[in-house]
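> Would you mind keeping the following structure in view while I ask a few things?
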Amino acid sequence: MRLTIVEYPNKKLREISKEVKVFDAKLHSLLDSMYPIMIDTNGIGLAAIQVAHPIKALILNIPDEEGEQPKENLLELINPVITQQDGETVYQEGCLSVPKFYEDIKRSETLTLNYQDRDGNTQTLEADGLLAIAIQHEMDHLVGILFIDKLSYARRKKFEKEYKRMLKERKSS
Ligand code: Y12
Ligand code: CO
């Protein structure tokens with residue numbers, strides 16, 4: 001499946017993703033095609049809506065201590081629901097749909113999650129650290145929220161100005 005990353009300010013990113021009800025070859029093909037595009041663009045997380053598929057599916061591959069992202073560590077989360085969250089942490093986040101921008105964002109520090117795997121089996125996951133942060137970031141995509149929506153009014157205005165300039169420069173080069 002040929003996929004391209006949808007970038008801000010494309011309105012597609014504001015769509016609410018639909019629950020996955022059928023765990024078939026089409027879903028597997030989408031997940032399989034999301035992995036190389038995430039790795040090739042140095043990503044650690046990607047939601048299906050970021051490749052224009054508005055379904056509640058996301059993939060994550062958090063780098064290990066060596067900074068490697070072996071495929072065995074790939075997580076595929078379908079229909080994720082956070083059942084518990086605790087604490088507070090701030091991390092400088094980036095997003096493949098908002099290239100070149102990184103911002104400090106406040107999130108819960110730990111969480112417990114129910115989700116389905118690619119075959120529809122229900123799973124539970126406890127997460128902390130970068131995994132917990134990335135899960136929250138990717139789950140926001142499923143409801144049309146981007147990390148830049150969490151900025152203060154002043155910071156968001158500054159971002160919009162800089163982002164516009166970046167898009168203009170990219171177009172002219
Ligand atoms: C913390 C950190 C990240 C997340 C969510 C997942 N975000 C990403 O995977 C973002 C990756 C990213 C990679 C980029 O590099 C390329 O496109 C080659 C990038 O682009 C540039 O900076 C040029 C931007 C973002 C949650 C929590
Ligand atoms: Co993102």
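The values are calculated or read from the model by the stated rules, or taken from the named source; none is laboratory data. For clarity, every value in this text was computed on a predicted model and none was experimentally measured. Quick reminder, even Gly has a Cβ in these numbers, built from the backbone with ideal geometry, and neighbours come from all protein chains shown.
> Filter region 13-26 down to the residues that are touching a Gly at 6+ places or on another chain (Cβ under 9 Å) and outside any loop (DSSP other than H, G, I, E, B) and list them by number.
Hits for region 13-26 are Leu13, Arg14.
> Go through (1) in contact (Cβ under 8 Å) with a residue 40 or more places away in the chain; (2) within 14 Å of ligand 2 (Cβ to nearest atom); (3) not acidic (Asp, Glu) one by one and return the number of the condition Tyr102 breaks.
Every condition holds for Tyr102 apart from (1).
> While we're looking at this one, here's another question. Hey, can you tell me all the residues within region 33-85 that are away from ligand 1 (no atom under 16 Å from the Cβ), in a helix (DSSP H, G or I) and free of Cβ contacts under 8 Å to residues at least 24 places away in the same chain?
Glu72
> Moving to a separate point now. Residues in region 104-115: is at least one within 14 Å of ligand 1 (Cβ to nearest atom) and among the aromatic types (Phe, Trp, Tyr)?
No, region 104-115 contains no residue that is within 14 Å of ligand 1 (Cβ to nearest atom) and among the aromatic types (Phe, Trp, Tyr).
> Further question: Assess whether Pro80 counts as being modelled with pLDDT of 95 or more and either touching a strand residue (DSSP E or B) at 6+ places or on another chain (Cβ under 7 Å) or over 27 Å from Arg2 (Cα atoms) (or both).
Yes, satisfied.
> For region 123-138, check the following and say yes or no: at least one residue is among the small types (Gly, Ala, Ser), more than 12 Å from ligand 1 (Cβ to nearest atom) and surrounded by fewer than 20 Cβ atoms within 10 Å (Cβ to Cβ).
For region 123-138, residues among the small types (Gly, Ala, Ser), more than 12 Å from ligand 1 (Cβ to nearest atom) and surrounded by fewer than 20 Cβ atoms within 10 Å (Cβ to Cβ): absent.
For (1) more than 16 Å from ligand 2 (Cβ to nearest atom); (2) outside any loop (DSSP other than H, G, I, E, B); (3) among the small types (Gly, Ala, Ser), each residue gets a yes or a no:
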site: Thr112; (1), (2), (3): yes, yes, no
site: Glu126; (1), (2), (3): yes, yes, no
site: Ala132; (1), (2), (3): no, yes, yes
site: His137; (1), (2), (3): no, yes, no
site: Lys158; (1), (2), (3): yes, yes, no
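> If a residue must be touching a residue at least 12 places away in the same chain (Cβ under 8 Å) and of a type in the set (Asp, Glu), how many such residues does region 9-31 contain?
Result for region 9-31: 2.
> Assess whether Phe147 counts as being within 13 Å of ligand 1 (Cβ to nearest atom), in contact with a helix residue (DSSP H, G or I) (Cβ under 9 Å, 6 or more places away or on another chain) and aromatic (Phe, Trp, Tyr).
Considered against the rule, which asks whether it is within 13 Å of ligand 1 (Cβ to nearest atom), in contact with a helix residue (DSSP H, G or I) (Cβ under 9 Å, 6 or more places away or on another chain) and aromatic (Phe, Trp, Tyr), Phe147 comes out as yes.
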